[in-house]
Amino acid sequence: MASQDWFEKDFYGILGVPQDADAATIKKTYRKLARTMHPDHNVGDAKAEERFKEIGEAYAVLSDPEQRREYDAIRAMSHGGARFTAGGPGGGGAGFEDIFSAFGGAGGPGGQRMRFNTGGAGGQPNLEDILGQMFGGGPGAPGAGAPGAGYGGYGAPAGPRPGADVQASTRIGFREAVEGSTVSLSSPDLGRINARIPAGVKDGQRIRLRGKGRPGDPGAPAGDLILTVAVDKHPVFGRDGDNLTIDLPVTFAEAALGATVAVPTLDGGQVKVKVAAGTPSGRVLRLKGRGVRRGDRTGDLLAKVQVVVPQRLTDEAREAVEKMAAAESGHDPRAELFERARA
């Protein structure tokens with residue numbers, strides 16, 4: 001059925017195809033535009049999302065032969081093919097015969113003539129009567145007086161409407177966010193929905209799941225499910241973009257003399273890393289390719305060295321530390337700090 005805003009919208013212009021484009025051209029052009037303007041490729045771009053909806057609406061009309069016929073007829077009537085000014089001397093415009101020419105020559109020689117009442121100022125025709133008789137829904141037509149059966153002031157009910165988007169939220173574990181997961185959501189009106197969470201999702205990120213929202217009118221696409229994901233903290237690992245982070249405890253001897261130590265990984269395994277002699281607390285060791293994988297890119301694992309000071313010393317250990325302190329008695333590790341502070 002025709003829609004009121006068909007008078008103002010140029011669906012051919014929206015898709016960028018000529019008015020005589022065949023069905024294959026319209027379909028090919030729509031698919032190309034839909035891929036370019038898809039919300040998943042334009043996250044947070046409101047203009048792209050609106051453009052995507054316009055493209056979908058245009059294709060829904062032009063891909064349906066019956067709706068396209070009605071649309072072409074209305075566009076011809078409202079853009080130069082039909083004028084609603086009174087004909088005859090002094091009318092300044094074409095007669096009503098122009099209107100009928102867009103609908104198979106009605107009113108011409110041998111055609112069936114339609115009669116309309118003229119109402120309102122200046123004797124203008126009743127537009128609702130005109131469209132109602134053209135599409136079988138005017139006064140006297142079955143259901144013409146029923147609620148919703150009119151033409152919205154122009155004799156045209158709304159066309160197939162896409163389903164509404166649905167907002168939802170879920171919480172997943174840290175490892176599930178890094179590796180990807182599938183969650184099951186339930187709604188009283190939509191039932192149970194399985195949603196795939198892509199690998200590498202961040203805390204607070206919004207994911208658009210196409211076609212998982214409310215169903216649309218027959219022939220129209222369903223809405224989307226816009227899912228906000230909350231990610232739990234991990235007791236050991238943190239995240240910096242696509243890199244994982246971890247605090248790596250080492251002993252004073254390992255940091256001073258150098259050592260090779262084991263570092264845990266998120267998958268439950270471990271990897272060896274070399275701690276160079278004289279490594280200070282706070283130095284970051286980078287383990288390539290042990291971070292978050294997203295697409296064809298994988299981040300790193302950043303291990304921050306934390307030199308552990310023993311809380312209790314054996315007599316033997318205390319004696320060794322005292323000997324080391326005596327050997328370094330002439331060295332002040334804070335001398336350079338004071339020099340920079342005075343500069």
Scanning segment 255-293 for residues that are assigned to a loop (DSSP other than H, G, I, E, B) and among the aliphatic types (A, V, I, L, M), the one surrounded by the most Cβ atoms within 10 Å (Cβ to Cβ) turns out to be VAL292
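Please count how many residues of segment 187-206 are crowded, with 19+ Cβ neighbours inside 10 Å and not small (Gly, Ala, Ser). Explain how you work it out, then say what you get.
We begin by selecting, within segment 187-206, every residue crowded, with 19+ Cβ neighbours inside 10 Å; these are 197, 200-201.
With not small (Gly, Ala, Ser) added as a condition, the list becomes 197, 201.
Going through segment 187-206 one residue at a time, the tally reaches 2.
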Cβ pairs under 9 Å, 6+ apart or interchain, first in segment 62-75 and surrounded by fewer than 16 Cβ atoms within 10 Å (Cβ to Cβ), second basic (Lys, Arg), ordered by first then second residue, are SER63/LYS27
Exercise for the section: For segment 249-261, indicate whether the set of residues that are among the acidic types (Asp, Glu), without any contact (Cβ under 8 Å) to a residue 40 or more places away in the chain, more than 30 Å from SER169 (Cβ to Cβ) and not assigned by TED's automatic domain parsing to the domain that holds ALA34 is non-empty. Expected result: yes
Within segment 195-222, the residues that are of a type in the set (A, V, I, L, M, F, W, C) and either in the same structural domain as GLY44 (by TED's automatic domain parsing) or more than 17 Å from PHE52 (Cβ to Cβ) (or both) are ALA195, ILE197, ALA199, VAL201
Would you confirm, using the coordinates I've provided, whether ILE207 is in contact (Cβ under 8 Å) with a residue 60 or more places away in the chain, among the β-branched types (Val, Ile, Thr) and out of contact with any helix residue (DSSP H, G or I) (no Cβ under 8 Å at 6 or more places or on another chain)? no
Expected single match for at pLDDT 90 or above, on the phi > 0 side of the Ramachandran plot and either under 27 Å from the mean Cα position of the chain (by Cα) or surrounded by 13 or more Cβ atoms within 10 Å (Cβ to Cβ) (or both) among GLY16, GLY44 is GLY16
Selection over segment 294-343 where residues are part of a helix (DSSP H, G or I) and closer than 29 Å to PRO264 by Cα yields a count of 1
Considering only strands (runs of 3 or more DSSP E) wholly within segment 171-247, the ones with at least 3 residues that are of a type outside the set (Val, Ile, Thr) and within 15 Å of the chain's Cα centre (by Cα) are 206-209
>> Going by what's in this entry, would THR29 be described as at pLDDT 90 or above and of a type outside the set (D, E, K, R)?
In response: yes
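The values are calculated or read from the model by the stated rules, or taken from the named source; none is laboratory data. Source: prediction; values computed, not measured. Cβ coordinates were reconstructed from backbone atoms using ideal geometry, including for glycine residues, and neighbour counts include every protein chain displayed.
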